[in-house]
Amino acid sequence: MKERIIRFVAGALVLTSVLLAYFVAIEWLFLAGFVGFNLFQSSMTKFCPLEKLLDIFIKDE
């Protein structure tokens, strides 16, 4: 369940960032870069801030 939420949030943030960069200001691409960097570092370190946050609110059975 948490994995799906993490993937959804990451995808939604990247798509939102690209749309905002196109329609509002190019600086919104920094958000997409941050999300991409976070995905990269979490694959190397196995530490994901969103996963830790979800641990507080969602209890796996």
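The values are calculated or read from the model by the stated rules, or taken from the named source; none is laboratory data. As the structure is a computational prediction, the values presented were derived from the model and not from experiment. SASA here: full protein model, heavy atoms, side chains in, ligands and nucleic acids out. Shrake-Rupley method; radii C 1.70, N 1.55, O 1.52, S 1.80 Å.
Annotations
- Between I5 and W28, residue separation times 0.36 nm minus the direct Cα-Cα distance comes to 6.1 nm.
- When shorter helices are ignored and each DSSP H run of at least 4 residues is given -39500 (n - 2.57), the per-residue value for the chain at 222 nm works out to -26000 deg cm²/dmol.
- Protein accessible area in the chain, 1.4 Å probe - carbon and sulfur %: 72 percent
- When its C-alpha radius of gyration is set against 2.2 N^0.38 Å (N residues), region 2-56 gives a value of 1.21.
- Solvent exposure of region 11-58 as accessible area per residue, Å², 1.4 Å probe: 78 Å²
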